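Structure first, commentary second.
The values are calculated or read from the model by the stated rules, or taken from the named source; none is laboratory data. Computed from a prediction, not measured in an experiment: that's the story for all the values here. So basically every Cβ, Gly included, is an ideal-geometry build from the backbone, and we count neighbours across all protein chains shown.
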Amino acid sequence: MGTTTLLRSLFEHKAWINEGFFDALAKLDAEARSAQRHAAIRLLNHIHVVDRIFAGHLTGKPHGYASTNTADTPTLHALRDAVRETDRWYV
């Protein structure tokens, strides 16, 4: 297996795992598990921001982030859309 094939396979797997995380979070009771849900969204947002920073480094384009997370917590839906877009870019 070549390096390109391996990397593509790994990024496809990462995208698949991300979908599973978002599916599971969408099923959580937002009221009963608000603290856990918020913490999970913050963690997934951190991972997303780091992915975008790395993409910026790979392309040599400014990524626009001053930190490895954002001050505001995105909605689950908005974050899922952003992660999907980034996953597609990496694949």
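Per-structure values
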read-out	value
Residue among THR70, THR75, THR86 that alone is polar (S, T, N, Q) and in contact with an Asp or Glu (Cβ under 9 Å, 6 or more places away or on another chain)	THR86
Residue ID - farthest from the chain's Cα centre (by Cα), chosen from residues in region 67-80 that are surrounded by 13 or more Cβ atoms within 10 Å (Cβ to Cβ) and not in a loop (DSSP other than H, G, I, E, B)	LEU76
Any hit, region 52-66, residues being touching a residue at least 40 places away in the same chain (Cβ under 8 Å) and either outside any helix (DSSP H, G or I) or surrounded by 14 or more Cβ atoms within 10 Å (Cβ to Cβ) (or both)	no
Filtered residues of region 19-51 (kept if surrounded by 10 or more Cβ atoms within 10 Å (Cβ to Cβ) and not in a helix (DSSP H, G or I))	LEU28, ALA30, ARG33
Residue pairs meeting the criteria (Cβ under 7 Å; at least 6 apart or on separate chains; first within 15 Å of ASP51 (Cα to Cα) and at pLDDT 95 or above, in region 6-31; second part of a helix (DSSP H, G or I) and aromatic (Phe, Trp, Tyr))	PHE11/TYR90
Selection count, region 81-91, where residues are under 15 Å from HIS13 (Cβ atoms) and over 8 Å from the mean Cα position of the chain (by Cα)	3
